[in-house]
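The structure appears below as structure tokens.
The values are calculated or read from the model by the stated rules, or taken from the named source; none is laboratory data. Since this is a predicted model, take the numbers as computed values, not measurements. Counting neighbours? That spans all protein chains shown, and the Cβs are built from the backbone with ideal geometry, glycine included. For accessibility, only protein heavy atoms count, side chains too; no ligands or nucleic acids. Shrake-Rupley method; radii C 1.70, N 1.55, O 1.52, S 1.80 Å.
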Amino acid sequence: MNSLADRLAEVRDRIGKACAAAHRDPAGVKLLAVTKVFPPDIIHEAYALGLREFGENYVQEMERKAASVAPLTDARFHLIGHLQSNKTRKAAELFHSIETVDSVKLLRRLDAEGKPIDVMIEVKLSHEESKSGASVDDVPAIVDAARECRNLRLTGMMTVPPWSEDAELSRPYFAQLRELAAKYGLPELSMGMSHDLAVAIEEGATWVRVGTALFGRRVKV
Ligand SMILES: *Cc1c(COP(=O)(O)O)cnc(C)c1O
């Protein structure tokens with residue numbers, strides 16, 4: 001299991017098995033390849049294997065990769081890391097989708113950039129200090145504000161549960177996100193990463209965000 005092609009086959013197999021167990025159509029689960037920290041070559045390599053949806057965490061890092069990936073005209077880039085409201089201009093230029101909208105202020109600033117962008121609300125369902133994301137109480141105001149945005153299309157919700165080796169501990173968070181999104185009629189659920197994607201799919205994920213299982217461990221430089 002060394003090449004990216006092998007690891008991609010393995011991830012697709014895990015997605016397929018989780019869909020079978022949950023009686024879901026695999027076409028309803030999209031794979032977001034998380035390429036943060038890796039050089040742009042890896043995006044080209046993944047693209048050559050058929051991947052088109054890529055997740056990045058930082059505006060500045062995407063900015064550095066942008067020229068290299070520009071020829072991949074049908075690749076779509078999703079911002080999955082926290083967005084500061086003073087970086088909305090750059091983010092609107094670089095990303096097709098922003099999964100981490102967590103305030104009305106950020107939403108309005110993004111809309112004012114005038115670019116058509118898909119957005120999701122990142123919801124913080126745990127009580128961890130360090131995590132970004134809107135609280136459940138903030139969600140109604142953000143959904144209301146999104147309906148008034150001319151350029152943004154609110155498609156769903158995203159969450160990152162507290163990290164644990166035990167994927168089962170993510171399940172209640174995934175279930176809670178599914179219920180919350182259903183309440184607002186939002187179809188997309190971005191939840192599940194390398195270690196807990198099967199549980200996320202059982203709980204209704206329509207996007208799984210996978211880094212390590214595809215590209216290996218991220219080494220900080
Ligand atoms: C890094 C990251 C991922 C990918 O995590 P892996 O465990 O490497 O699959 C997914 N979602 C978010 C928000 C991330 O920051």
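Dipole size in debye (nearest 20) for the stretch 44-116 around its Cα centre, Lys and Arg Cβ +1, Asp and Glu Cβ -1?
On the way: 11 positive and 11 negative charges, 62 e Å.
I would put it at about 300 debye.
Skip the ligands, DNA and RNA, and give the accessible area per residue of the chain with a 1.4 Å probe, whole Å².
Details: 10830 Å² over 221 residues.
About 49 Å² of surface per residue is accessible.
Just the number: Rg to Rh for the stretch 146-187, Cα atoms, Kirkwood Rh, two decimals.
Details: Rg = 13.3 Å, Rh = 11.9 Å.
Using Cα coordinates only, the ratio equals 1.12.
In straight Cα distance, which aspartates and glutamates are under 14 Å from K115, not counting same-chain residues fewer than 8 positions off?
Once the sequence-local aspartates and glutamates are set aside, what remains near K115 is E93.
Please report the accessible area of D41 (heavy atoms, 1.4 Å probe, ligands and nucleic acids excluded) in Å², nearest 10.
D41 exposes around 110 Å² with every protein chain in place.
In Å and from the alpha-carbon atoms only, list the Rg and Dmax of the stretch 1-130.
16.2, 46
Distance between Cα centroids, the stretch 170-221 to the stretch 6-73: provide it in whole Å.
About 14 Å separates the Cα centre of the stretch 170-221 from the one of the stretch 6-73.
Specify the residue with the greatest mean-square fluctuation among T159, T206, T73, computed from a Gaussian network of the chain linking alpha-carbon atoms under 10 Å apart.
T73
Counting only protein heavy atoms and using a 1.4 Å probe, what share of the accessible area of the stretch 4-214 belongs to carbon plus sulfur, as a whole percent?
Carbon and sulfur together cover 50 percent of it.
Among the listed pairs K90/K183; K105/K183; K65/K183, which have their C-alpha atoms separated by more than 30 angstrom in this model?
Numbers: K90/K183 32 Å; K105/K183 23 Å; K65/K183 38 Å.
Where the Cα-Cα span goes over 30 Å, the pairs concerned are K90/K183; K65/K183.
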